[in-house]
Each structure stands twice: as structure tokens, then as C-alpha cells.
Amino acid sequence: MNPTRLRRCLSHYPQILLLTVVWTLCTSVHAGLFSDDEDKAVPKEEGALALPAAPKADDLLRYTAGPGSSMTFAIDAKSVSVGDDQIVRFSSVITSNSGVANISYEGIRCKTAERKLYATGRPDGSWNTLQDAEWRRISSAGANSYQAALMRDFFCDGEAVAGKAAVIVERIRRKKPLR
């Protein structure tokens, strides 16, 4: 390489070095390598799914899912659990005025205000596991408003689970919401 060309290349070296450093920092920040924000930490890996026994009428705890609802909402006290993954799991029984019951096994993740439907109940007491179950944002409107009521009133204190399963069950039994 001739000396003039070498000098010209070296004169651009500081800009190339600066661009390389900026690019590395940007991609590292985007990848989360420099993030110390614990609030945005990825939740722990979800624990293995263990389905509970079918709900029994004697174990159902009724709660209010909001004003003006024409359905009856209950959870199975024996199914409530809080995993090491900080997910509150429970069996839900929603009964219409005509007596038709929808039974489901679900999870609520307080940290991200999300819900997951793991399985639906069959008339024979068995479960139909949903293979493509995904976490979805909890909404306080519409058909899933009962999940927002459970999260807000009984399961979650902000982004943290509001106690162990026994504490949550007792709160629902005594109809003593957090707020």
C-alpha cells in the first residue's frame, strides 16, 4: 500500500473506531446485557404443569367479579397453589344463570399482569389440556374480567404474589379483598 493511501485510511481510524464502539454498545443495550432494571427481568421459567383433581361443590369459594355480572364465579380452594415460579394457579368454575358451568385450570402471573389457560374441564371430571396455551395480558373488561378481579382483589399485591396459597384461600373465604 502506498504511504498516501495508508495515511488516508489511518485518518479515518478514529471515526471507524467510534462507530464500532457505538454499534457494540447499542447492540449490547438492545440485547439487555447492560440492563440492571430488575423490574424488567424475565420471569423465572415456568414450573411443570400438574393438574388438580376436578373441583367439588364443597370446595368452591364464591367471589364477586364485578358489578352487574349475571354469572356466578368461584374457585376451587383445594386447587390454589403458588409455585416457585411465582404463578398463582387455580381451578375456576363460572356458572351461568341457566346452570351451565365452565371449568378451567388457569394461572396468573402478578409480575407481568398476565393469565394463562392451561386446561378446560370435561363433564366426566377429566381435563382437556391446551397444548398451545400462551400468556396473555389481563383485561378488566369483557369475558375475562374475573381474572382481573382475582389478580387485583386476592392474588397480587402490585407485582408480587400476596401470600402463600393458604393466605389467598382464606382471603377469598372471608371475602376480604386486598383493596
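The values are calculated or read from the model by the stated rules, or taken from the named source; none is laboratory data. No experiment lies behind these values; they were computed from the predicted model shown. Heads up, the Cβs are rebuilt from the backbone with ideal geometry, glycines too, and the neighbour counts pull from every protein chain shown.
Okay, here's what the table says:
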item: Residue count for segment 163-179, restricted to those that are surrounded by fewer than 20 Cβ atoms within 10 Å (Cβ to Cβ) and among the hydrophobic types (A, V, I, L, M, F, W, C); result: 4
item: Qualifying residue in segment 107-120 (condition: part of a loop (DSSP other than H, G, I, E, B), of a type outside the set (Lys, Arg) and at pLDDT 95 or above); result: yes
item: Single condition ARG179 does not satisfy, out of (1) at positive phi; (2) over 15 Å from the mean Cα position of the chain (by Cα); result: (1)
item: Verdict on GLY125 being outside any strand (DSSP E or B) and loosely packed, with under 12 Cβ neighbours inside 10 Å; result: yes
item: Boolean, ARG115 is basic (Lys, Arg) and without any contact (Cβ under 8 Å) to a residue 24 or more places away in the chain; result: no
item: Residue match in segment 136-159 (condition: without any contact (Cβ under 8 Å) to a residue 60 or more places away in the chain, among the basic types (Lys, Arg) and not in a helix (DSSP H, G or I)); result: yes
item: The one condition in (1) in contact (Cβ under 8 Å) with a residue 24 or more places away in the chain; (2) touching a strand residue (DSSP E or B) at 6+ places or on another chain (Cβ under 8 Å); (3) under 25 Å from VAL167 (Cα atoms) that TRP127 fails to fulfil; result: (3)
item: Tally, over segment 68-103, of residues that are closer than 18 Å to ILE172 by Cα, within 20 Å of the chain's Cα centre (by Cα) and polar (S, T, N, Q); result: 4
item: Tally, over segment 30-68, of residues that are of a type in the set (Ser, Thr, Tyr) and modelled with pLDDT of 80 or more; result: 2
item: Candidate set from segment 149-166 (those that are over 18 Å from SER91 (Cβ atoms) and not charged (D, E, K, R)); member that is farthest from the chain's Cα centre (by Cα); result: GLY163
item: Filter pass, ALA133 being assigned to a helix (DSSP H, G or I) and at pLDDT below 95; result: no
